[in-house]
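Student: Below are the structure tokens for one structure; questions will follow.
The values are calculated or read from the model by the stated rules, or taken from the named source; none is laboratory data. For clarity, every value in this text was computed on a predicted model and none was experimentally measured. Counting neighbours? That spans all protein chains shown, and the Cβs are built from the backbone with ideal geometry, glycine included.
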Amino acid sequence: MRAKRLAALAFVVLVIAALAVLPLFVKKDNIINLASLALLYVALASSWNILGGYAGQTNLGHAAFFGLGTLLTRFLWLGGWPLWAALLVGAVVPVILALIIGAPAFRLKGAYFAIGTLALAQVLNVTVANRWPMITSLPARYLATYRLMPRYYLFLAVAVLTVGVAYFLVKSRLGLGLMAVREEEDAAESLGVSGLRHKLLAFGVSAFLAGLAGGAFAFYHVGYYPQFPFSPAWTFDAVMATYIGGTGTIVGPIIGAVFYVIVKELLALKVVEAHLIIFGILFILVVLFLPGGLLEVWSKIRSALGGRAKSRKAALPAG
Amino acid sequence: MLAPIAQNLAFGILVGGLYGIAAVGLSLVFGVTRFLNVSHGELLMLGGYAGFWLYTLYHVDPFVGLPIVVLLMVVLGVILYKLLFAGMVKYPEETKVKNTLLVGFGLGLVLQNVALRLWTADDRGITTTYSSQVISLVGVRFPLVRVASFVIALVVLFALHQFLQRTYTGKAIRATVQDWEAATLMAIDVQKVYLLAFVLGTALAGMAGALVSVGYSIQPNMGLEWTLITLIVMVLGGLGSIMGTFVAGIILGVAQSLTSFWLGGAYRDIVALVLFLLVLILRPQGLFGAKEG
Amino acid sequence: MLEVERIDAGYKDLQALWGVSLRVEEGELVALVGPNGAGKTTTLKVVSGLVKPTAGNVLLDGRSLLKEPPHRIVEMGISQVLEGGRVFTGLTVMENLELGAFGMKARKAKDQNLKRVFSLFPRLEERKRQRAGTLSGGERQMLAIGRALMSNPRILLLDEPSFGLAPLLVEQIFRMITEINKQGVTVLLVEQNVRAALELTQRAYVIENGRIVGEGSGEALLSFESVRRAYLA
């Protein structure tokens, strides 16, 4: 058991190290851009998964938190604030929004939360489009010093932080509480686990990390419409990547996000926008027939080959 | 000052009728099956294109073509139900809501992008020989096609109301909304009732879409906005009440058109959402789960 | 007529019934008694098809019911009244009764059955245009039984018809049940009110922890030592 743990730890360190030295060997900008995008998606999907996968609350407004992080970080950073402070504000404000909307929405069962977050994201989407209709471009003095490397490392840091936070949250007592609330809220309440407090905490952490990812995006992107990060497409991408990889697991969203970005890139060369049709169908199939996502496929293959059925249960979400 | 307000009021009421008929479809599906189909707006969009192409390719008058659109949507509804939703009947309510939400969301994305590829992102609308005709009443203009659409919506909802109140099948639907287990013990085949409700909901969405393509315009990305509008109207109107939902649709239509009059068109899309968030925060209890009686 | 053979059944991971067997002959009034959570309701739901057993069989006149969906079982002549009656509160009394006769055969005999129900429960006729939600607890129970009779059942399954009712009403409901039985409807009655149920019935089963632990005539069970100690003390 301990040897296995050490091997896993070594593997994680190796992956992070490989990603860290990647820019030293790969000089092509488009590869670094693609890797940055993949890391951004890992962060988005993993942060969505904290609430959507582990706590079982389907947040259809993740773009609101991502967008808010982008908006604030961009304005503050371009306004002369140091980047770290702009990133911090861009991550904290979404948490406040999450707590305001979460407190009433979580008191209700069923679909309210999903619809409420979807509506919230659309309110922000439309408002931002009305208020800031012009494209936001980096001014000349920022462009003169623009380098891709720092952006890549920021994405890497955010992705590692997000996955790390998700991991430690899930391994902690809080994580157990979250899953108990997801499975059987009434029973969890009777054991003294507060459903509302756990869900709010998960929502807050999820919003913080989404806002941070948004901040990294604001630092990265040269020119975009301020509305763009609020587009529901960001939510859809995060949800689909999470489910396709395997919801309610640590590895699932990572696999899903990388798979999503790569396939999207491959398809984009041939047929623009076709990837949404393909992922939409794949997503429906996963929800209907394969609730464990790609991870479940993998463990099925493994148990079919070597009879190591043990890992299968761990990969299956029970939501 | 008064005249433009009256004019906006009239426009609001007319569009509100379409909100009503679309939302009744969603409400019927949710009330009976507890399926939250968030691709309702995309189904509406498909109905709109069906009407548009019938007119453009085969010169079928949009109002004459309405039954054809409904028929097409019925077929689509049966296919979608059998393919995607039938398997979820057995789940407990919470799981049912969540899984249908996710499936609907994937379906909406697929339909939207298929429509985008097939028919481009252009705004489309049907312009007939009588499209520009206007009925003027004390200085307020009522475009003929919009009035006709409103009347059709009203008639269809009245017929649906009579169907639910008077026929055996209608009563079986209402019984299933209240307590599906007890309904089963009345020898009601609940699976069939579910299918019927889903198909009716799809047909109503399609009909609303076809009417939108006559008096207004359609495009592949309209789905999400309409899904949200119908969800909001459903919540405001309360489950199980057709006329309540219709009235809620009109209220929303009026609120939107007065907002765009006073604050500018850019804000009309937000009214509905803000209204919904307010309801969510201030009066969350009951509205969604409200049952008949 | 009705045979339940070595049924195992449960919900999710929780097994509620262990090899439950019982039989009801044509025209009988049989009670199934036992404490809360013993498996009484589950047994009825297995018969009506709402719960599918994991083992065993349910036979009506020698024909297995296991493959039949609940709405078909109603049409075959088994009608269940759920615990608490579960009337459709948003519909009128009349609409509730009409729905009881939803099956094709029952629909044809609707008027005749309606007369019978109204003669048994005149109160329902007085209130036929009211919403069921406005009825009192006793009236709801009457409506639920009346609604079940509208399908013209051969066997009536009653789940705790006395639950939550005042003693006077309980007596009245039980008298009606006897009357219905005399009219030729076979009755399987589940009750927590053990003494009343045993006094009423010809035969009874005692169920505990999902297992049948006793069977006999009502009188015999009333004098049965363990039953006395457990339920009648």
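Student: Exactly one condition in (1) surrounded by 15 or more Cβ atoms within 10 Å (Cβ to Cβ); (2) over 14 Å from C:I155 (Cα atoms); (3) β-branched (V, I, T) is not met by C:T54; state its number.
Tutor: With (1) surrounded by 15 or more Cβ atoms within 10 Å (Cβ to Cβ); (2) over 14 Å from C:I155 (Cα atoms); (3) β-branched (V, I, T) applied to C:T54, the lone miss is (1).
Student: Mind telling me which of the residues A:L118, A:L148, A:L143, A:L169 ends up being away from chain B (no Cβ under 14 Å), among the hydrophobic types (A, V, I, L, M, F, W, C) and within 23 Å of A:A64 (Cβ to Cβ)?
Tutor: A:L169
Residue-wise test of (1) assigned to a helix (DSSP H, G or I); (2) within 14 Å of chain A (Cβ to nearest Cβ); (3) under 21 Å from the mean Cα position of the chain (by Cα); (4) surrounded by 14 or more Cβ atoms within 10 Å (Cβ to Cβ).
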{"residue": "B:F52", "(1), (2), (3), (4)": "yes, no, yes, yes"}
{"residue": "B:Y55", "(1), (2), (3), (4)": "yes, no, no, yes"}
{"residue": "B:V70", "(1), (2), (3), (4)": "yes, no, yes, yes"}
{"residue": "B:K90", "(1), (2), (3), (4)": "no, yes, no, no"}
{"residue": "B:V97", "(1), (2), (3), (4)": "yes, yes, yes, yes"}
{"residue": "B:L101", "(1), (2), (3), (4)": "yes, yes, yes, yes"}
{"residue": "B:V110", "(1), (2), (3), (4)": "yes, yes, yes, yes"}
{"residue": "B:N113", "(1), (2), (3), (4)": "yes, yes, yes, yes"}
{"residue": "B:L118", "(1), (2), (3), (4)": "yes, yes, no, no"}
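Student: Would you pick out the residues in segment B:174-206 that are of a type in the set (A, V, I, L, M, F, W, C) and either within 11 Å of chain C (Cβ to nearest Cβ) or in contact with an Asp or Glu (Cβ under 7 Å, 6 or more places away or on another chain) (or both)? Step through it out loud before you land on a result.
Tutor: Going through segment B:174-206, the residues of a type in the set (A, V, I, L, M, F, W, C) turn out to be B:175, B:177, B:180, B:182-183, B:185-188, B:190, B:193, B:195-200, B:203-205.
If the condition is that a residue be of a type in the set (A, V, I, L, M, F, W, C) and either within 11 Å of chain C (Cβ to nearest Cβ) or in contact with an Asp or Glu (Cβ under 7 Å, 6 or more places away or on another chain) (or both), then B:A175, B:V177, B:W180, B:A182, B:A183, B:L185, B:M186, B:A187, B:I188, B:V190, B:V193 are the ones that fit.
Student: Hey, another quick one. C:K128 is checked against (1) over 18 Å from C:L188 (Cα atoms); (2) crowded, with 17+ Cβ neighbours inside 10 Å; (3) touching a residue at least 24 places away in the same chain (Cβ under 8 Å) and fails just one. What number does that condition carry?
Tutor: The single condition C:K128 does not satisfy is (2).
Student: Within segment A:266-309, can you find the residues that are on the phi > 0 side of the Ramachandran plot and either modelled with pLDDT of 80 or more or touching a strand residue (DSSP E or B) at 6+ places or on another chain (Cβ under 6 Å) (or both)?
Tutor: A:G293
Student: What's the number of the only condition in (1) modelled with pLDDT of 80 or more; (2) buried (at least 20 other Cβ atoms within 10 Å of the Cβ); (3) of a type in the set (A, V, I, L, M, F, W, C) that B:L258 fails to meet?
Tutor: Going through (1) modelled with pLDDT of 80 or more; (2) buried (at least 20 other Cβ atoms within 10 Å of the Cβ); (3) of a type in the set (A, V, I, L, M, F, W, C) one by one, B:L258 breaks only (2).
Student: Determine whether C:A16 is away from every other protein chain (no Cβ under 13 Å), among the small types (G, A, S) and under 15 Å from C:L156 (Cβ atoms).
Tutor: Values: away from every other protein chain (no Cβ under 13 Å): yes; among the small types (G, A, S): yes; under 15 Å from C:L156 (Cβ atoms): no.
It is false that C:A16 is away from every other protein chain (no Cβ under 13 Å), among the small types (G, A, S) and under 15 Å from C:L156 (Cβ atoms).
Student: Quick check on A:T136: is it loosely packed, with under 15 Cβ neighbours inside 10 Å, away from chain B (no Cβ under 14 Å) and of a type outside the set (G, A, S)? Walk me through how you get there before you give the answer.
Tutor: Details: loosely packed, with under 15 Cβ neighbours inside 10 Å: no; away from chain B (no Cβ under 14 Å): yes; of a type outside the set (G, A, S): yes.
Criteria not met by A:T136.
Student: For segment C:78-102, enumerate the residues that are surrounded by fewer than 21 Cβ atoms within 10 Å (Cβ to Cβ) and assigned to a loop (DSSP other than H, G, I, E, B).
Tutor: Hits for segment C:78-102 are C:E83, C:G84, C:R86, C:T89, C:G90.
Student: May I pose another question? What is the one condition in (1) closer than 19 Å to B:V155 by Cα; (2) more than 14 Å from chain C (Cβ to nearest Cβ); (3) modelled with pLDDT under 80 that B:G240 does not satisfy?
Tutor: Failed condition: (2).
Student: For segment A:23-55, give me each residue that is without any contact (Cβ under 8 Å) to a residue 60 or more places away in the chain and assigned to a helix (DSSP H, G or I).
Tutor: Passing the criteria: A:L24, A:F25, A:N30, A:I31.
Student: Between a first residue in segment B:214-230 that is closer than 20 Å to B:G25 by Cα and at the interface with chain A (Cβ under 10 Å from one of its Cβ atoms) and a second residue that is among the β-branched types (V, I, T) and surrounded by 24 or more Cβ atoms within 10 Å (Cβ to Cβ), which pairs have beta carbons less than 6 Å apart while being 6 or more apart in sequence or on different chains?
Tutor: Pairs that qualify, where the first residue is closer than 20 Å to B:G25 by Cα and at the interface with chain A (Cβ under 10 Å from one of its Cβ atoms) and the partner is among the β-branched types (V, I, T) and surrounded by 24 or more Cβ atoms within 10 Å (Cβ to Cβ), are B:T227/B:V38.
Student: Among the residues of segment C:48-68, count how many are touching a helix residue (DSSP H, G or I) at 6+ places or on another chain (Cβ under 8 Å) and in a loop (DSSP other than H, G, I, E, B).
Tutor: So the answer is 6.
Student: Here's something else I'd like to know. Residues in segment B:127-141 that are in a loop (DSSP other than H, G, I, E, B) and aliphatic (A, V, I, L, M): how many?
Tutor: 1
Student: Could you tell me whether B:G201 is in contact with a strand residue (DSSP E or B) (Cβ under 8 Å, 6 or more places away or on another chain) and buried (at least 24 other Cβ atoms within 10 Å of the Cβ)?
Tutor: No; evaluated as a whole, the condition is false for this residue.
Student: Given the conditions (1) farther than 21 Å from B:V145 by Cβ; (2) assigned to a helix (DSSP H, G or I), and given that B:V254 satisfies all but one, which numbered condition is not satisfied?
Tutor: Here B:V254 clears every test but (1).
Student: Here is a follow-up. Sort out which residues of segment C:174-200 are modelled with pLDDT of 90 or more and in a helix (DSSP H, G or I), and write them in order of number.
Tutor: C:F174, C:R175, C:M176, C:I177, C:T178, C:E179, C:I180, C:N181, C:K182
Student: Would you mention how many residues in segment C:131-186 are surrounded by fewer than 19 Cβ atoms within 10 Å (Cβ to Cβ) and within 13 Å of chain B (Cβ to nearest Cβ)?
Tutor: Summing the residues that are surrounded by fewer than 19 Cβ atoms within 10 Å (Cβ to Cβ) and within 13 Å of chain B (Cβ to nearest Cβ) in segment C:131-186 gives 3.
The rows are residues; the columns are (1) of a type in the set (S, T, Y); (2) within 14 Å of another protein chain (Cβ to nearest Cβ).
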| position | (1), (2) |
| --- | --- |
| C:L50 | no, yes |
| C:G56 | no, no |
| C:G62 | no, no |
| C:E68 | no, yes |
| C:G85 | no, yes |
| C:T89 | yes, yes |
| C:M104 | no, yes |
| C:N113 | no, yes |
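A quick yes/no check of all residues on (1) modelled with pLDDT under 95; (2) not in a loop (DSSP other than H, G, I, E, B):
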{"position": "B:V151", "(1), (2)": "no, yes"}
{"position": "B:V156", "(1), (2)": "no, yes"}
{"position": "B:H161", "(1), (2)": "yes, yes"}
{"position": "B:Q165", "(1), (2)": "yes, yes"}
{"position": "B:R174", "(1), (2)": "yes, yes"}
{"position": "B:A187", "(1), (2)": "yes, no"}
{"position": "B:F198", "(1), (2)": "no, yes"}
{"position": "B:A203", "(1), (2)": "no, yes"}
{"position": "B:G206", "(1), (2)": "no, yes"}
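Student: Kindly indicate whether B:V64 is surrounded by fewer than 24 Cβ atoms within 10 Å (Cβ to Cβ), more than 14 Å from chain A (Cβ to nearest Cβ) and of a type in the set (A, V, I, L, M). I'd like the intermediate steps shown before the answer.
Tutor: Numbers: surrounded by fewer than 24 Cβ atoms within 10 Å (Cβ to Cβ): yes; more than 14 Å from chain A (Cβ to nearest Cβ): yes; of a type in the set (A, V, I, L, M): yes.
Here the answer is yes, as B:V64 does meet what is asked.
Student: Which of the residues spanning segment A:41-78 are in contact with a Gly (Cβ under 7 Å, 6 or more places away or on another chain), more than 14 Å from chain B (Cβ to nearest Cβ) and of a type in the set (S, T, Y)?
Tutor: Hits for segment A:41-78 are A:Y54, A:T70, A:T73.
Student: Take segment A:90-115 and flag every residue that is away from chain B (no Cβ under 12 Å) and surrounded by 19 or more Cβ atoms within 10 Å (Cβ to Cβ).
Tutor: A:G90, A:A91, A:V93, A:P94, A:V95, A:A98
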